[in-house]
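Everything below concerns the one structure shown next.
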Amino acid sequence: MENNINFNNVSKSFSGKVVLDNLSHNFKLNEVHVILGKSGMGKSVLLKMLMGLMTPDAGQILINNKKLDDAKSIDNLKISYVFQFSALLNSLSVIDNITLYLDENNIDSKENRLKKAYKILSDLGVEDSASKIPSDLSGGMRKRVAIARSLMIEPEILLYDEPTAELDQINTRIIAKIINDLKDTTNITQLVVTHDIGFAFAIADTISILDEGVIKISNNPEMIKETNHPLLDPIA
Ligand SMILES: Nc1ncnc2c1ncn2[C@@H]1O[C@H](COP(=O)(O)OP(=O)(O)O)[C@@H](O)[C@H]1O
Ligand SMILES: [Mg+2]
């Protein structure tokens with residue numbers, strides 16, 4: 001199959017405890033995929049495997065039929081990760097956080113790096129925070145800065161781990177709009193782990209439910225609503 005991220009019989013255990021159990025699933029590229037699941041079900045593990053921060057015990061991850069590592073090294077496939085707690089450095093200003101990776105790897109000229117960073121910050125509505133220290137920003141602003149940083153390498157695939165976990169409704173809406181704008185204006189494939197049902201329905205092309213080590217259900221939001229899965233109960 002073409003144009004997808006394919007988890008092919010992926011398993012992962014920690015000290016004998018099975019977290020992912022022969023999980024197989026295709027995520028079509030260029031779409032927004034939401035992964036829902038109870039705490040401890042392996043949602044972060046799944047994202048970390050795509051990021052290359054963890055490797056499967058068995059099975060493999062393919063991107064367009066190519067092994068993940070080969071897709072990254074041979075085709076220069078770029079995957080970015082928006083960490084759950086944003087993981088910005090408080091010893092650096094926002095702008096220096098954003099350009100850090102490109103600075104350290106000497107990618108492009110300093111002038112272009114800054115130009116690109118200010119453009120992205122401005123697209124995300126946080127250009128006024130450029131000279132501030134991340135710890136001086138609100139949670140919503142920090143999240144936007146973290147997204148801005150992840151966009152600097154121009155990723156084909158962007159992973160978000162619980163991007164609205166610490167956010168109020170207004171900021172959650174802002175993040176939903178950013179994800180929808182990226183869907184409309186780029187070809188970035190976005191994989192979003194969340195337990196916020198309203199947020200999931202605001203952004204998803206597909207919703208997948210991770211439970212007991214596998215993806216139990218996966219469908220478009222309309223069809224997912226029909227399933228009445230207990231996880232979709234707003235007070236669950
Ligand atoms: N590096 C690790 N070492 C040991 N156990 C881990 C590690 N990472 C995750 N786990 C375990 O794997 C399970 C799934 O974790 P995680 O993917 O973080 O869940 P969540 O769905 O809440 O994101 C949990 O039981 C967690 O304790
Ligand atoms: Mg997690």
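Considering helices alone, the calculated mean residue ellipticity of the chain at 222 nm is -10500 deg cm²/dmol, with DSSP H runs of length four and up weighted by -39500 (n - 2.57) and normalised per residue.
What does the accessible area per residue of region 1-134 come to in Å², with a 1.4 Å probe and no ligands, DNA or RNA counted?
With all protein chains present, region 1-134 gives 53 Å² per residue.
For the pair residue 105 and residue 220, label points projected 7 Å from Cα toward Cβ lie 3.6 nm apart. Of the Cα atoms belonging to the chain, the radius of gyration and Dmax stand at 17.8, 53 Å. Counting only Cβ charges, +1 for Lys and Arg and -1 for Asp and Glu, the dipole size of region 119-222 around its Cα centre is about 260 debye.
Indicate the gyration tensor shape class of region 94-187 (rounded, prolate or oblate), computed on the Cα atoms with a ≥ b ≥ c the square roots of the eigenvalues: a/c under 1.5 is rounded; otherwise a/b larger than b/c is prolate and the rest oblate. Oblate shape, in that a/c is at least 1.5 and b/c is the bigger or equal ratio. Sorted from longest to shortest, the spans of the Cα atoms of region 11-131 along the three principal axes equal 47, 33, 28 Å. Taken along the Cα-to-beta-carbon direction at a fixed 7 Å, the label points for residue 169 and residue 90 span 3.0 nm.
Which shape class, rounded, prolate or oblate, goes with region 179-230 when its Cα gyration tensor gives a ≥ b ≥ c as root eigenvalues, a/c under 1.5 marks rounded, and past that a/b bigger than b/c marks prolate? Don't skip to the answer; put the middle values down first.
Details: a/c = 2.16, a/b = 1.71, b/c = 1.26.
Because a/c hits 1.5 or more and a/b exceeds b/c, region 179-230 counts as prolate.
Ranking 34, 53, 65 by Cα position along the charge dipole of region 33-74, where only Lys, Arg, Asp and Glu carry charges on their C-beta atoms, puts 34 farthest toward the positive end.
Using θ = phi - 60° in the Karplus curve 6.51 cos²θ - 1.76 cosθ + 1.60, the 3J(HN,Hα) couplings for region 28-42 round to 5, 5, 6, 10, 9, 10, 9, 10, 9, x, 5, 4, x, 7, x Hz; x is entered for Gly and Pro.
Projecting the Cα atoms of 135, 208, 5 onto the charge dipole of the chain, computed from C-beta unit charges around the Cα centre, puts 135 farthest toward the positive end. When the chymotrypsin sites (Phe, Trp or Tyr not before Pro) in region 9-93 are filtered for DSSP coil states and for at most 13 other beta-carbon atoms within 10 Å of their beta-carbon, the remaining sites are 85.
Normalised by the number of residues in region 91-236, what is the relative contact order in percent for Cα pairs under 8 Å and 6+ residues apart? It would help to have the intermediate numbers written out before the result.
Details: 145 pairs, mean separation 24.8, N = 146.
Averaging sequence separation for qualifying contacts and normalising by length gives 17 percent for region 91-236.
Look at the alpha carbon pairs under 8 Å that are at least 6 residues apart: their mean separation over the length of region 1-158 gives a relative contact order of 23 percent. Summarising the amide proton neighbourhood of residue 82: residues at separation of 5 or more, or on other chains, whose placed amide H is nearer than 5 Å comprise 159, 160, 161. For the chain, the carbon plus sulfur part of the accessible surface works out to 49%, probe radius 1.4 Å. Relative to 2.2 N^0.38 Å, what does the C-alpha radius of gyration of region 135-176 come to as a ratio? Two decimals please. Scaled against compact globular proteins, the figure is 1.17.
The values are calculated or read from the model by the stated rules, or taken from the named source; none is laboratory data. What you are looking at is a predicted structure, and each value in this text was computed from that prediction instead of being measured. When we count neighbours, we look across all protein chains shown, and the Cβ atoms used for this are built from the backbone with ideal geometry, even at glycine. Areas reflect the complete protein model, heavy atoms only, side chains present, ligands, DNA and RNA absent. Shrake-Rupley method; radii C 1.70, N 1.55, O 1.52, S 1.80 Å.
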